Structures are given as structure tokens and as C-alpha cells.
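What follows is calculated from the coordinates using simple rules that are stated; it is not laboratory data. Not measured: the values here are computed from a predicted model. Neighbour counts run over all protein chains shown; Cβ positions are idealised from the backbone, glycine included.
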Amino acid sequence: MAPFTGAEALRSPFNRYAFHVRASYFDETAEIVKQVTSVGIKAIGVFYQNDSYGKAGLEVVTRALKPLNLKPVGLGTVERNTVDVDAAVKSILAGKPDAIVQISAYKSCAAFIRAVRKAGFGGTFYNVSFVGTKALAEELGAEARGVVISQVMPYPFSPATPLSGEYLAAGKAVAGDKFEPDYSGIEGYVAAKTLVEGLKRAGSSPRPLRGRRSR
């Protein structure tokens with residue numbers, strides 16, 4: 001129920017017992033490419049984590065660029081749980097990108113952003129939501145200018161939507177002035193709301209799954 005991941009392995013092949021509330025990495029990364037190219041940017045580099053998460057993102061970027069007769073101008077990887085980005089910086093900047101899509105953890109993304117800025121890159125960075133908006137912003141501080149993070153949840157900091165308003169009211173009712181809304185929090189709220197709604201619709205005698213007795 002509501003796994004905190006956009007991994008394709010949990011979506012394909014279809015599993016009727018898996019209930020997702022967030023977009024897949026494929027969907028999210030494809031929207032990033034759509035946005036980048038819609039403003040005329042064609043030279044796109046890709047910095048990605050060397051695992052299934054990062055490679056899935058690279059695959060989508062490459063696939064989304066193909067109909068436009070484009071391909072990444074530079075690629076660079078980082079190993080999981082490390083910030084050794086020097087080789088990635090050299091490899092990606094060699095292609096002279098105007099924008100860089102990042103599919104990695106916030107620590108390595110922040111290290112890469114600092115290193116590339118120091119090397120003179122003045123373009124924009126695009127990240128998928130799994131990077132952690134708050135974590136990356138706090139890690140970069142004043143260096144966060146020019147960093148874009150896609151989102152798969154409503155804006156959680158004001159009642160801009162009915163769902164955001166519910167989330168803020170619920171949080172303040174429990175924690176008062178100590179409540180600190182963020183994107184992870186509203187995703188948890190959506191997951192809980194979805195689960196409760198499912199239980200309501202199941203009625204007083206929900207059907208057991210795979211023959212197991214319900215309790």
C-alpha cells in the first residue's frame with residue numbers, strides 16, 4: 001500500500017495487490033524532459049546513481065528525447081551512498097549541456113551541483129521528487145538557486161487545494177505550532193487517507209486475500 005518509490009519493478013507486470021499513490025519514475029522523468037525541451041533546451045546531460053533507480057531514470061530521459069532526434073550530450077554516474085562525483089563532472093561538462101537531469105540521492109546531487117557550479121556551469125538542474133525536496137534544499141542552502149525538483153504530490157505549505165487544506169488542518173490539530181508540513185508528510189497523509197477509504201468501501205466483512213483469514 002502506497003510504497004514510497006516510483007520503481008517500475010513494482011508496476012510492471014501489473015500487480016493487483018499493489019496500490020500506488022505516487023507517479024512512477026518513468027512518468028515523472030518523462031515530464032521533466034517535456035518541460036525542459038518545451039522551453040527550447042536541447043543539450044541535456046544526465047547525472048545518475050549507478051543502480052536500478054538511476055538507470056531507470058536514464059532510460060526514460062533517453063527514450064523521451066528520441067522522438068525529438070535528441071540524446072543526452074553527457075552522462076555521469078555516482079555509486080550509491082557516495083559523493084565521489086569528480087569523474088561525473090568531467091564527463092558531463094565535456095558535452096557542454098544547458099541543463100542537467102539528476103537521478104540520485106540528495107547528498108550526491110548536492111555534491112555534484114557544487115562541483116559543477118565551481119567548474120563554471122550556469123544552467124539549470126532538474127531532479128525527481130525522490131531526491132527529497134527539503135533535504136536537498138537544506139543541504140545546498142544558498143547554493144540551491146537554479147535547482148528544480150518535480151513533485152508528485154500537491155503543494156503542502158498552504159491550502160492551495162482541498163487536500164492540502166485537509167493535511168494542514170490535520171497536522172496542526174495534532175502538533176499545533178510545532179507542525180512542519182513537507183512533501184513527504186502530505187504523501188503519508190494521502191497514503192493513510194487512501195487506506196481508510198479502501199477499508200470503508202470494503203464494508204464490515206472484507207474479503208480475505210489469497211485465502212488468508214481476515215482479522
**Asked** What's the angle, to the nearest 10 degrees (0 to 90), between helix 106-118's Cα axis and the longest principal axis of the chain?
**Response** 20
**Item:** Amide hydrogen neighbours beyond the local backbone of VAL148, cut-off 5 Å, H modeled
**Value:** PHE125, TYR126, ASN127
**Asked** Using a Förster distance of 25 Å, how high is the FRET efficiency between ALA137 and MET1, based on the Cβ-Cβ distance and rounded to 0.05?
**Response** 0.30
**Computed log₁₀ I(q)/I(0) - Debye formula, equal Cα scatterers, no solvent, segment 25-105, q 0.17 Å⁻¹** = -0.60
**Fill in**
With R₀ set to 25 angstrom, the calculated FRET efficiency between the beta-carbons of ASN69 and HIS20, to the nearest 0.05, is 0.15
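Taking the Cα centre as origin and putting +1 on Lys and Arg beta-carbons and -1 on Asp and Glu beta-carbons, what dipole magnitude results for the chain, to the nearest 20 debye?
820
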**Request:** Would you work out which of ALA175, LEU199, GLY165 lies farthest towards the positive end of the dipole of segment 155-200, given +1 charges on the beta-carbon of Lys and Arg and -1 on that of Asp and Glu, about the Cα centre?
**Result:** LEU199
**Request:** Please give the length that would be gained between ARG145 and LYS34 if that part of the chain were fully extended, namely 0.36 nm times their separation in residues minus their C-alpha to C-alpha distance (nm, one decimal).
**Result:** 37.8 nm
**Fill in**
The lysines whose Cα lies under 26 Å from the Cα of LYS193, excluding any fewer than 8 residues away in the same chain, are LYS134, LYS172, LYS178
**Complete:** In the chain, taking the dipole from +1 charges on Lys and Arg beta carbons and -1 charges on Asp and Glu beta carbons about the Cα centre, the listed residue (GLY141, ALA105, THR124) farthest towards the positive end is ALA105
**Request:** For segment 155-200, report the convex hull volume of the alpha-carbon atoms normalised per residue, in Å³, without decimals.
**Result:** 69
**Item:** For segment 174-185, 3J(HN,Hα) per residue [Karplus equation, 6.51 cos²θ - 1.76 cosθ + 1.60, θ = phi - 60°, Hz, x = Gly/Pro]
**Value:** 8, 10, x, 5, 7, 5, 10, x, 7, 5, 5, x
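Given all pairs of different Cα atoms, what value in angstroms does the Kirkwood hydrodynamic radius of segment 58-183 take?
Averaging 1/r across every pair of different Cα atoms and inverting gives 16.4 Å.
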**Message:** Which order do the peptides 40-51, 61-72, 76-87 come out in when sorted by mean C-beta neighbours inside 10 angstrom, highest first?
**Reply:** 40-51, 76-87, 61-72
**Complete:** Restricting to lysines and to Cα separations under 23 Å from LYS34, and discarding same-chain partners fewer than 8 apart, the set is LYS42, LYS55, LYS66, LYS71, LYS96
**Request:** Just the number, please: Stokes-Einstein D of the chain in µm²/s, Kirkwood Rh from C-alpha pairs, 25 °C, 0.890 mPa s.
**Result:** 129
**Prompt:** Along the Cα-to-Cβ line of GLU180, 7 Å from the Cα, sits a label point; which residues in segment 121-157 have backbone N less than 11 Å from it?
**Reply:** 134-135, 138
**Fill in**
Scalar couplings 3J(HN,Hα) for segment 58-70 by Karplus 6.51 cos²θ - 1.76 cosθ + 1.60 (θ = phi - 60°), nearest whole Hz, x for Gly and Pro, are 4, 4, 5, 4, 4, 5, 5, 7, 4, x, 8, 6, 10
**Message:** Treating only the Cβ of Lys, Arg, Asp and Glu as charged (+1, +1, -1, -1), what charge dipole size does segment 24-149 show about its Cα centre? Round to the nearest 20 debye.
**Reply:** 360
